[in-house]
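Have a look at the structure below, then the notes.
The values are calculated or read from the model by the stated rules, or taken from the named source; none is laboratory data. In this text, all values refer to a predicted model and were calculated from it rather than measured experimentally. No Cβ is skipped: glycine too gets one built from the backbone with ideal geometry, and neighbour counts run over all protein chains shown. Keep in mind that these areas ignore ligands, DNA and RNA; they rest on the heavy atoms of the full protein, side chains included. Shrake-Rupley method; radii C 1.70, N 1.55, O 1.52, S 1.80 Å.
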Amino acid sequence: MERSAIYHRPASEMAYMADKQNYRLQLKTKHRDITRVRVIFGAPQMLVKDSGQTDAWEYATKEMDKRLQNGIYDVWEVKLPIPATRKLKYAFHLLDREGNELLYDANLMQLYTPKAVQEMTGFLTPYLVLDETATTPEWTQKMIWYRLMPDRFANGDQKKDLKDTLEWGQKADKAKFFGGDLQGIIDKLDHIQGLGFNGIYLSPVFDAYSNHKFDTIDYYEIDPAFGTKEKFKELIEAIHQRGMKVMLDITCDHLSDFSLQWQDVRKYGARSSFAKWFLIKEFPVRYVPSELPDYSERLTYEALNNNPHMPKVDLENPEVQAHFGNILTYWTRNFDIDGWSIADSNEIPAAFKRYLLETLRQVKADIYLLGNTIAKKAEHDDVFAGNNSIDVRELVEGTFITKNIPPTELAYALNEHQLRADPSTLSASLLAADSPQTQRILAKCEGNVQLLRAVLAFMFMQPESPSILYGTEKGIKAGTEAALQPCMEWKDDQASAEMQRFLKTLLAMRIRYNNVLCEGSFEWGQCSNQYSYLSFSRRLGDKRLFALFNLGYGSIKIILPQNCKLLLGQNLVEQDKRLGQTGFAIVEL
């Protein structure tokens, strides 16, 4: 028994309240070193009245299950019922292959005996009170998001187009508009739902200067280029009538320099009623322009990414907090918004996040708040239901596309990622193949559609909610940032038709096996750096899925179990029992 590999950290991601009735524990051990783990648990014993002696501790035991496995370690997990006292005492009883038994508690690793159990200190929890801000809406664990930018998706009402609107399909220009609008989205809901998506994730729709609308001027108005509030309400109702959810993008850490608040500061300086709303170093507010219109190194105020047109606000100011709380409340209450993606959430104070969540839950109990950030290691938020899993996407790209991360290292890194969060947080987080702020995933694959399919299939087998940017189903490659994303291509050719058929199958598989993929165990199988392939299985109850991906330049031998059901595959030559380059097979065992 490798004692140095046995690890548990109390009051952490390895020990916390899963819900009001259960406490979740995780334990790390060397891979295949331990065959069985029981948790010994109960309320801490009390002193017998007037005796000065401790009463015998009454406890129960519960088996732990393996949640994660790779070639280095195993992760065990269990949920324990919380006693009426709201306090827990627990320890781990481990058994190895040779029959050795160990008792592991907060102070000692010792031989297991009933006497040792009675005399142990144990791991002790404080009084357990559920933090309501940490709960996750149940519906978020079943989502597959289709993300779109209204200006680039579909033009349904050409009467409201601006005079200099570009012809649909022209090369994108940072300062130009294409006329996409809310009516266009309504007209194309059949397309989105037909692919199997059950959620629509909209980039900002509020009145703004740019075509991408991340520089909001008025949060209480729909941008006239997109339509009216009435049309927006019609869109939301149409989405809900189809049983789908809708999530909106919003920025809360800065305002546009066209906003009324900033214009007032520019005019009145320190005497402005909004002077304390912003992070201003000195008055009057000013900046020295550079060769780039959206960048300056010399400003008298804090600005997002040194963009002088996006002054940052003080989110610890109660007036600013109330401002954004009122905005999100207005749209949630009056338009029945299901979720909000909060930009740059890693730079937002935790107190403000709690304020937003508590405020919105008074309007809609199952509101979903997603932390949207480009920062790595930010996917496990203590307040929001989930976050963008940026580092997971980069790990997958590093193994599948750039090939600078060996398969065994990917397996280890993904286990570490999953170990840091509970399953509900992972499944409520977002795993996006690409976004308006990134290069298109097909471009990263250098136009290799088969490689794209392999990447998407692997991502859809992870616990997070998958997200695809509009046009992925059409083979769009252009686009590196929000202002330069291309128009949706609505005409189909053979390649786009094939891609859409693949996505329909992939999404149907995700929906059918959602519980297994969100809640099930994750066991890595054979992974080879030399031949560049990896395999893993996902299991929940009697349901088990197995997946094998060939990342190398040649084919590999594959022997699938008898009577297995092939769910999705590529470059699989069954008669030769070979899996070709960029090939994969996902089966139900």
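Just going by the charge dipole of the chain, with Lys and Arg at +1 and Asp and Glu at -1 on Cβ, which of Cys564, Ser273, Met17 is farthest out on the positive end?
The residue sitting most towards the positive pole is Cys564.
Can you give the angle from 0 to 90° between the axis of helix 229-241 and the longest principal axis of the chain, with both taken from C-alpha atoms, to the nearest 10?
Roughly 30 degrees between the two axes.
Using +1 at the Cβ of each Lys and Arg and -1 at the Cβ of each Asp and Glu in the chain, identify which of Leu484, Ser4, Trp145 lies farthest towards the dipole's positive end.
Farthest along the dipole direction, towards plus: Ser4.
Which order do peptides 529-539, 282-292 fall in by mean Cβ count within 10 Å, highest first?
Top to bottom by mean Cβ count within 10 Å: 529-539, 282-292.
Quick one, what does Rg over Rh come out to for segment 382-524 if you take C-alpha atoms and the Kirkwood Rh?
A ratio of 0.96.
Can you give the translational diffusion coefficient of segment 468-589 in µm²/s, computed by Stokes-Einstein from the Kirkwood radius over Cα pairs at 25 °C and 0.890 mPa s?
149 µm²/s
Alpha carbon centre of segment 286-301 versus segment 545-589: separation in Å?
Segment 286-301 and segment 545-589 have Cα centres separated by 55 Å.
For the chain, what proportion of DSSP beta bridges, expressed in % and rounded to the nearest 5, is antiparallel?
Antiparallel: roughly 75 percent of the beta bridges in the chain.
So for each of 264-275, 334-345 I average, over its residues, the number of other beta carbons within 10 Å; can you give me the resulting order with the highest mean first?
334-345, 264-275
What's the whole-number percent of alpha carbon pairs in the chain lying beyond 44 angstrom?
27 percent
Find out how many positive minus negative residues lie around Ile367, taking Lys and Arg as positive, Asp and Glu as negative, among other residues whose Cβ is under 12 Å from that of Ile367.
Summing Lys and Arg as +1 and Asp and Glu as -1 gives 0.
Kindly write out, for segment 582-589 in residue order, the coupling ³J(HN,Hα) from the Karplus curve 6.51 cos²θ - 1.76 cosθ + 1.60 (θ = phi - 60°), rounded to whole Hz, with x marking Gly and Pro.
Coupling constants for segment 582-589: 6, x, 8, 9, 10, 10, 9, 8 Hz.
Can you work out the accessible area per residue across the chain, with the rest of the protein chains kept in place, probe 1.4 Å, in square angstrom?
Ligands and nucleic acids excluded, the result is 44 Å² per residue.
Using mean Cβ contacts within 10 Å as the protection proxy, how do 363-373, 487-497, 201-211 order, highest first?
Final packing ranking: 201-211, 363-373, 487-497.
Treating the angle as unsigned and between 0 and 90°, give the value, to the nearest 10°, between the Cα long axis of helix 390-400 and the longest Cα principal axis of the chain.
Taking the Cα atoms of the chain, the angle to 390-400 is about 80 degrees.
Step through the residues of segment 153-170 one at a time and calculate ³J(HN,Hα) from phi using the Karplus curve (6.51 cos²θ - 1.76 cosθ + 1.60, θ = phi - 60°), rounding each to whole Hz and writing x for Gly and Pro.
Couplings: 8, 6, 9, x, 9, 6, 5, 9, 4, 5, 4, 9, 4, 6, 5, 4, x, 5 Hz.
Give me the distance in nm between label points sitting 7 Å out from Cα along the Cα-to-Cβ direction at Arg420 and Lys543, one decimal.
It is 2.8 nm.
Assign unit charges at the C-beta atoms only (+1 for Lys and Arg, -1 for Asp and Glu), then state the dipole size of segment 252-377 relative to its Cα centre in Debye, rounded to the nearest 20.
220 debye
Measure off, as a whole percent, the carbon and sulfur share of the 1.4 Å-probe accessible area of segment 273-346, all protein chains present.
Within segment 273-346, the accessible surface is 47 percent carbon and sulfur.
Measure up Lys66/Lys245; Lys30/Lys87; Lys142/Lys364; Lys245/Lys312; Lys176/Lys491; Lys163/Lys504 against 28 Å on the Cα-Cα distance and list the ones that go over.
Listed pairs above 28 Å: Lys66/Lys245; Lys30/Lys87; Lys245/Lys312; Lys163/Lys504.
On a straight-distance basis, which lysines could pair with Lys557 in a cross-link, Cα separation under 20 angstrom, same-chain partners fewer than 8 positions away excluded?
Candidates past the 8-residue exclusion: Lys565, Lys577.
Which value does Rg/Rh take for segment 162-229 over its C-alpha atoms, Rh per Kirkwood?
That ratio is 0.99, to two decimals.
Explain nothing, just the number: dipole magnitude of segment 194-272 about its Cα centre with +1 on each Lys and Arg Cβ and -1 on each Asp and Glu Cβ, in debye rounded to the nearest 20.
100 debye
Specify whether the C-alpha gyration tensor of segment 274-419 places it in the rounded, prolate or oblate class, a ≥ b ≥ c being the square roots of the eigenvalues: rounded for a/c under 1.5, otherwise prolate if a/b is larger than b/c and oblate if not.
The shape class here is oblate.
Determine which aspartates and glutamates satisfy two conditions relative to Lys115: a Cα distance under 15 Å, and not lying fewer than 8 residues away in the same chain.
Answer for Lys115, where 15 Å is the Cα cut-off: Asp55, Glu58, Glu101, Asp105, listed by chain and number.
What number does segment 111-236 give for Rg over Rh if you use C-alpha atoms and the Kirkwood radius?
1.36
Would you grab the residues whose amide H sits under 5 Å from the one on Val313? Only those 5+ places off in sequence or on another chain, please, with H modelled 1.01 Å from N.
His254, Leu255
Report ³J(HN,Hα) in whole Hz for each residue of segment 208-223, in order, from the Karplus equation J = 6.51 cos²θ - 1.76 cosθ + 1.60 where θ = phi - 60°; Gly and Pro get x.
8, 7, 7, 7, 8, 6, 7, 10, 4, 9, 10, 6, 9, 10, 6, 4
Under 18 Å from a point placed 7 Å out from the Cα of Ala175 along the Cα-to-Cβ direction: which residues of segment 279-302 have their backbone N that close?
Answer for segment 279-302: 289-296.
So how long is each side of segment 441-513 along the principal axes, counting just the alpha-carbon atoms, biggest first, in Å?
Result for segment 441-513: principal-axis Cα extents of 35, 26, 19 Å.
Report, in debye and to the nearest 20, how large the dipole of the chain comes out about its Cα centre when Lys and Arg carry +1 and Asp and Glu carry -1 on their Cβ.
That gives a dipole near 1100 debye.
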